[in-house]
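J.: Handing you a structure now.
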Amino acid sequence: MYKITRICQNGEPLPLTTDDGHLRIVFIGVGSAFAKRHRQSNILAIQGDRHVLIDCGTQGPLGLTDIGLSVLKVRCYLPTHSHADHIGGMEEVALMNRYTPNIPKPKMIILRDYQDLLWSKSLSGGAEYCEANQGRSLQLTDFFDILRPKALEVSGRKCWGYRHGNMEIMIMRTRHFPDSAASVDESQWCCGVSINRRAWISGDTMFDPEYPRRFSQEAELMFHDCQLFYGGVHASYQELMTLPKEIRAKMYLYHYGDNWDQRDTWVRKSDPFAGDPVQDGFLGWADQQVAYDFY
Ligand SMILES: [Zn+2]
């Protein structure tokens, strides 16, 4: 069972541990890439004495400040893909941790192939030559201790697993961009995440009903990215409505635009849904800065 718990009620920072060892998931944001009313969709998973921040976008460091944390407090990161709402805060993570005295390197859970891309296409621009005058350029491994997931076979799809303390993290490739890509092999690197097989987080993805069908068999809660219009590189509300009702009944929607509560801006009279996720059979819009606690 799961329970939604209020956090930081008296302004105290969110603890990065759970005393009784249960799994806790906190969205530091639930908004889309360009959301201004919410932070971007970056997610903390905490269990016992371990934690991991799934993505740290341009607003990620601010999202951490909202709950009394910082990039110096969070010790482990899992970037899902290279859009700025997912990795735009990683330079701050890298530089703050390297140049604050007496702070050990943070950890990063990442596959070999994506590690090279993340560094060469994104982070190296701001970080590689910080110490060039001392005779060497830096690498991602100068900023992060790398934790390497292992390949898994799950329904013929590309998945990897990493055991983080008692947290069983599964990473699955998603088809996110470009929108013309017919398979994950033609797509840029992007992944979703399952934790302890109880919580499934789609990550950024176009509508790919095989995944919600597959993971709904074991997941207690599913979090799916949701775009309020059809087309482009995310699953639309309209497409998610085509999932069977028993799957929608386990699903919160996240990564939504700032007009989520102005239904007249995105729901047409002819649409076969209300635009209120609870009325439409989902669990609702995911909330930021609350805890989803799994007991
Ligand atoms: Zn994206």
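What follows is calculated from the coordinates using simple rules that are stated; it is not laboratory data. Note that the structure is a prediction, hence the values are computed from the model and not measured. Heads up, the Cβs are rebuilt from the backbone with ideal geometry, glycines too, and the neighbour counts pull from every protein chain shown.
J.: Can you give the Rg to Rh ratio of the chain, both from alpha-carbon atoms, with Rh computed by the Kirkwood formula? Walk me through the numbers before you get to the answer.
T.: Numbers: Rg = 18.7 Å, Rh = 19.5 Å.
The Rg/Rh ratio comes out at 0.96.
J.: Over segment 2-294, what relative contact order in percent results from Cα pairs under 8 Å that are six or more residues apart?
T.: Values: 627 pairs, mean separation 54.7, N = 293.
RCO, segment 2-294: 19 percent.
J.: Let me ask something else. What residues of segment 271-295 lie in the reach of a label at Asp20, counting those whose backbone N is under 18 Å from a point 7 Å from the Cα along Cα→Cβ?
T.: The answer is 291-295, whose backbone nitrogens lie closer than 18 Å to the label point.
J.: Sticking with this one: Full extension from Glu246 to Asn133: what is 0.36 nm times the residue separation minus their Cα-Cα distance, to one decimal in nm?
T.: Numbers: separation 113, 0.36 × 113 = 40.68 nm, distance 5.96 nm.
Computed gain between Glu246 and Asn133 is 34.7 nm.
J.: Measure nothing but the geometry: give the 0 to 90° angle between the long axis through the Cα atoms of 90-99 and the longest principal axis through the Cα atoms of the chain, rounded to 10°.
T.: Helix 90-99 and the main axis of the chain meet at about 30 degrees.
J.: Further, regarding this structure: Placing unit charges on C-beta atoms (Lys and Arg positive, Asp and Glu negative, everything else neutral), compute the dipole magnitude of the chain about its Cα centre in debye, rounded to 20. Write out the running numbers ahead of the final one.
T.: Numbers: 32 positive and 36 negative charges, 88 e Å.
So the dipole magnitude of the chain works out to roughly 420 debye.
J.: Put a dot 7 Å past each Cα toward the Cβ at Glu12 and Leu152; how far apart are the dots in nm?
T.: Once both label points are built, they end up 3.4 nm from each other.
J.: Specify which residue in the list Trp189, Met167, Phe223 is farthest towards the positive end of the charge dipole of segment 156-242, using unit charges on the beta carbon of Lys, Arg (+1) and Asp, Glu (-1), about the Cα centre.
T.: Positive-end residue among those listed: Met167.
J.: Let me have the 222 nm mean residue ellipticity of the chain computed from DSSP H runs of 4+ only, each contributing -39500 (n - 2.57), with the sum over all residues rounded to the nearest 500. Numbers along the way, then the final one.
T.: Numbers: 9 runs with 50 residues, N = 295.
Mean residue ellipticity at 222 nm (helix-derived): -3500 deg cm²/dmol.
J.: Based on the mean of other beta carbon atoms within 10 Å per residue, what is the order of 139-148, 231-240, most packed first? Before the final figure, lay out the partial values.
T.: Numbers: 139-148: 16.1, 231-240: 20.1.
Highest mean packing first, the order is 231-240, 139-148.
J.: Applying 1/(1 + (r/R0)^6) with R0 = 22 Å to the Cβ-Cβ distance of Asp264 and Phe34, what FRET efficiency is obtained, to the nearest 0.05? Write out the running numbers ahead of the final one.
T.: Numbers: r = 20 Å, r/R0 = 0.93.
Step by step, r from the Cβ atoms, then E = 0.60.
J.: Across segment 2-294, how many lysine pairs separated by 8 or more positions, or lying on different chains, have Cα atoms within less than 16 Å? Could the numbers behind the result be given before it?
T.: Numbers: Lys3/Lys250; Lys73/Lys105; Lys73/Lys107; Lys150/Lys158.
The number of close lysine pairs in segment 2-294 is 4.
J.: Which residues' amide hydrogens lie under 5 Å from the amide hydrogen of Gln59, considering only partners 5 or more residues apart or on another chain, with H built in the peptide plane?
T.: Amide H to amide H, under 5 Å and 5 or more residues apart or across chains, Gln59 pairs with Gln40.
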